[in-house]
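Take a look at the structure below.
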Amino acid sequence: QVQLVESGGGLVQTGGSLRLSCAASGGTFAMGWFRQAPGKEREFVLAINKRGITTYVADSVKGRFTASRDNAKNTVYLQMNSLKPEDTAVYYCAKGRTAVTGPSPHEYDYWGQGTQVTVSS
């Protein structure tokens, strides 16, 4: 059974930075980050493969958000810089079904519980 645990969310001012972590049990996987703002559908953020290469990035975060991973710790990270109020959402990590994943939620089979990110204006 795979378990994903996110951490690192919080309140930050516009222009600030946060780093989210997602610890996975059960192995090393391609991973994705998604977010969901109140009243909106879940939105893809970016995907990273097992080798640490980012395979897809949403246009809305390109140039501001990056992903990395530490496979020794089975942990992936989402570094978020130049945060904007529209980045406010619950952020989820998800385990990919295959070695390379993209933006569709159907490509992921396990999800974390989410961590709240709030960006104040």
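The values are calculated or read from the model by the stated rules, or taken from the named source; none is laboratory data. The structure displayed is predicted, hence computed values, not measured ones. Reconstructed Cβ throughout: ideal geometry from the backbone, glycine too, with neighbour counts over all protein chains shown. SASA here: full protein model, heavy atoms, side chains in, ligands and nucleic acids out. Shrake-Rupley method; radii C 1.70, N 1.55, O 1.52, S 1.80 Å.
Quick notes on this structure:
- In the range 19-38 there is at least one residue that is of a type in the set (D, E, K, R) and either outside any strand (DSSP E or B) or closer than 14 Å to Glu86 by Cα (or both).
- Unique match (being over 13 Å from the mean Cα position of the chain (by Cα) and either touching a residue at least 12 places away in the same chain (Cβ under 8 Å) or over 22 Å from Ser120 (Cβ atoms) (or both)) among Arg42, Arg51: Arg51
- Just one residue in the set Ala58, Ala47, Ala94 is farther than 15 Å from Leu4 by Cβ and of a type outside the set (Val, Ile, Thr); that residue is Ala58.
- Filtered by the rule that a residue be open to solvent by 60 Å² or more (accessible area, probe 1.4 Å) and either in contact with a Pro (Cβ under 8 Å, 6 or more places away or on another chain) or part of a strand (DSSP E or B) (or both), the range 1-18 gives Val5, Leu11, Gln13, Thr14.
- Yes/no for Gly26 being farther than 27 Å from Ser120 by Cα and in contact with a helix residue (DSSP H, G or I) (Cβ under 9 Å, 6 or more places away or on another chain): no
- Filter result for Ala30 (closer than 15 Å to Tyr108 by Cα, touching a Pro at 6+ places or on another chain (Cβ under 9 Å), open to solvent by less than 60 Å² (accessible area, probe 1.4 Å) and aliphatic (A, V, I, L, M)): no
- Pairs, first assigned to a strand (DSSP E or B) in the range 78-94, second open to solvent by 30 Å² or more (accessible area, probe 1.4 Å) and among the β-branched types (Val, Ile, Thr), C-beta under 8 Å, six or more apart: Leu78/Thr66; Gln79/Thr66
- Residue that is farthest from Thr14 (Cα to Cα) [pool: residues in the range 75-103 that are open to solvent by less than 40 Å² (accessible area, probe 1.4 Å) and among the polar types (S, T, N, Q)]: Thr101
- Just so you know, in the range 40-57 the residues that are touching a Lys or Arg at 6+ places or on another chain (Cβ under 9 Å) and under 19 Å from Val117 (Cβ atoms) include one that is most open to solvent (accessible area, probe 1.4 Å), and it is Arg42.
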